[in-house]
Amino acid sequence: MFSDDALMTANIVALGIPIKDPQGCVVGWEQLPDSTMVRYLMSTLGKDEDFGEEVTLHHTADEGIDIVRWIDKEIEEKQKANRGD
C-alpha cells in the first residue's frame, strides 16, 4: 500500500496539478510538472517500453556502415519527399 501511495505521489509530482477553466482547458498550475520526476519514472517504470538510460545498439562496429550507400539512401528519401512520392 505504501508503494502504491509513493507511486501515486510521484505521478502527481511528475505531471503536476493543473488549474482548469469550466471548459476543461488548462489555464495555470497549482503544482508545476517536474521534468526530473518524469525522467525518473520513464527510466524506471518505462524500461519495458524501451525508455531508460541505456543505449541499445542494433549494429556492431564489426559490421561496419556503408557510408556511400547510406548517403545515397538519405538523398533518395529526401528527393522522394520533395516530389511527394
- Message: Keeping all protein chains in place and using 1.4 angstrom, which order do Met8, Met1 fall into by accessible surface area, from largest down?
- Response: Met1, Met8
- Message: With a 1.4 Å probe and all protein chains kept in place, how much accessible area does Ile75 have, in Å² rounded to the nearest 10?
- Response: 80 Å²
- Query: With every protein chain in place, what's the accessible area of Ile65 (1.4 Å probe, Å², nearest 10)?
  - Reply: 130 Å²
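The values are calculated or read from the model by the stated rules, or taken from the named source; none is laboratory data. Nothing here was measured: the structure is a model prediction, and the numbers come from that model. Just the protein is used for accessible areas: all its heavy atoms, side chains included, with ligands, DNA and RNA removed. Shrake-Rupley method; radii C 1.70, N 1.55, O 1.52, S 1.80 Å.
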